[in-house]
Each structure stands twice: as C-alpha cells, then as structure tokens.
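Just below is one structure, and these are the notes that go with it.
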Amino acid sequence: MDLVLIAKALVLAVVEGATEFIPVSSTGHQLLIGHFIGFHSPNNTFEVLIQLGAILAILYAYFGKLWSIATALPNDPRARRFVLAVLIAFLPAAIIGGLFSKYIKFYLFNPWIVCATLVAGGLVLLVIDDTVGEPKAAPHDGPTEHPRKTDVFEFNLPMALKIGLFQCIAMIPGVSRSGATIVGAMLMGASKRSATEFSFYLAMPTMAGAFAKDLLDNYKNLSSNDALLIVIGFVAAFISALIVVRTVLDYVSRHGFWLFAWWRIIVGSLGFAGLIIFG
C-alpha cells in the first residue's frame, strides 16, 4: 500500500481522535486537512469508520462510571433521571440528523463554511469562557450568587432538552458538537467541568447513532483493499481520543476554554488564507 496514503490516513485519524471531544470541531478539521493534503474517500467512508475508534475510546475510559450508572438504575432515581436526561438531550439531533443529514452534507460541507464557523465559534467560546465562567465569590454585603451545577446528575430534564437543541447547531461543519453542547450547558448554569463531562456522555449515543446511520448509507462503498488503512486509522483515533478524554476535564477545570477558542480562530484564519492562495 502507498506509504504516502497511509501517512495521510494516520494524520486524519489522529486529528479525529484528538479533536472529537474538545470544542474545536473534528469534522471541520478533517474537512480542511483532507482538502489541503488531497485525501478523499468515497462518501467519506474512511472518516466514518475511524469514528468508531473515538467512540470506543470514551466507552473504555468511562466503562466504570457507565457500569455504576447501569447497576444503580433499578434503585436510584438520580441515575434514572440522568439517563433520561442524556436521552432527551440526544433526541433533537437524532430527529434532525435523521431527516436532514444528506442535505446538510450536500450544501454545507465545504471548507469555506468550515473556516467561517471555526472563527465564529472561537469568538463565541472566548466570550462564554470570560463572561459565563465559574462564579466569583460574592461580597459579604452583596447578593448571593446562584451556584453553578457542578455535578452532571444535577442537570434537570428541561435543561437537558435545551442542551440537545444547542447540539443541533453542530450539524453545521466547523461548529463542533462538544463546543455547542458545552456552550449550551454553561448558558443553562453548568460549570465548565460539568458542561464538558455532560458533552462526553451525550457524545456516546450521538456519535453511535451518527456512525450507524453513516455506515448504513455507505457500506456499499467499503472495500477489502482499504482494510489496512481503516485498521490503522481506527487504532490511531482510539489512542488519541483516549488521551484527550483522560486529560481534558482537569485541563478545563484549571484553564477554561481560551486555548481551544484561539486554536479555532487561528486554524480558521489559516484555512481562509490557504483557500485564497491555493484554492
């Protein structure tokens, strides 16, 4: 197999895993990188299949928590409410994605839109990070500030539905699924850490559903000749996603989202420059 092709696939897979669970848009990065390095798979079948690596990475990292939730369901109302909240948050994207995903991919999946949404999303993230951050201690003679929700089990069902509606914005490439859900959760009163963690849980059914639909739509394009490429991509996406999932919550708790916001702005701006110069 062509070593250059393997290298391109490896780059895309590492980027997929590294960006899937942080608010920078994995789809946007893949579209831009694929455009500039000249990597194209029929109907994005390679990009679809390596998503499974990222999905399994978060399931592996969160297996203990998921098992605890599952075993608590019969007796713990909080566990049942949390699972219901995740499913309710997933529902809007499932409906809209199922109805309009083909049209969205046909009309919106181009590098110019990606660059625009990367920059715009970065600016939004900067504002949210600065103005809707962790609450400061109120002065002794001032009003008591309403505490932010620091535990994902505290998210009520109306809040979950609103977060799910925010997630639908991420169907525009470059917006970022995790970015949209994090911003939505913070606007609804979540702390930075709990907003990010809820985006992890919401990613599980959302990514699994999107993967299943894309696989169903594109399985005829799969070829045994691409097996090695897909295996390499799957493993690389799994490893890079696992590293991110295990480190990003602590990073966000300490530093917030400014790094991701500026990364988006820089990548989007460089993308615009590259499109103008190289086409």
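Values in this text are rule-based calculations from the coordinates and carry no lab data. As the structure is a computational prediction, the values presented were derived from the model and not from experiment. Virtual Cβ from ideal backbone geometry, glycine too; neighbours counted across all protein chains shown.
Overview of values
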| read-out | value |
| --- | --- |
| Unit charges on C-beta of K, R, D, E only; dipole of segment 138-264, Debye | 140 |
| Pair-distance profile P(r), taking every C-alpha pair of segment 190-277, with 10 angstrom steps and integer % | 13, 27, 33, 24, 3 |
| Within-12-Å neighbourhood charge of GLY233 [Cβ basis; K, R +1; D, E -1] | -2 |
| Whole-percent pair-distance distribution, where bins are 5 Å wide, for the alpha carbons of the chain | 1, 6, 12, 16, 18, 17, 13, 8, 5, 2, 1, 1, 0, 0, 0 |
| Folded to 0 to 90 degrees: helix 45-61 orientation relative to the chain principal axis, Cα | 30 |
| Nonlocal amide H pairs with ALA190, under 5 Å, H built at 1.01 Å | LYS149 |
| Spatial separation of Cα centroids for segment 193-257 and segment 87-107, in angstrom | 18 |
| Mean separation of Cα contacts under 8 Å, 6 or more apart, over the residue count of the chain: relative contact order % | 39 |
| GNM top mover of LEU12, LEU126, LEU242 - the chain, alpha-carbon springs below 10 Å | LEU126 |
| Between segment 260-279 and segment 1-74, the Cα center-to-center distance that results, in Å | 21 |
| Estimated Rh, segment 57-209: Kirkwood, alpha-carbon pairs, angstrom | 16.7 |
| Calculated FRET efficiency for the pair ARG254/TRP67, C-beta based, R₀ 35 Å, to 0.05 | 0.80 |
| Helical mean residue ellipticity (222 nm; -39500 (n - 2.57) per DSSP H run of 4+; nearest 500) of the chain | -25500 deg cm²/dmol |
| Net charge contributed by nearby residues that have their C-beta within less than 12 Å of VAL15 (K/R +1, D/E -1) | -2 |
| Lysines with Cα under 18 Å of LYS105, excluding same-chain neighbours fewer than 8 positions away | LYS213 |
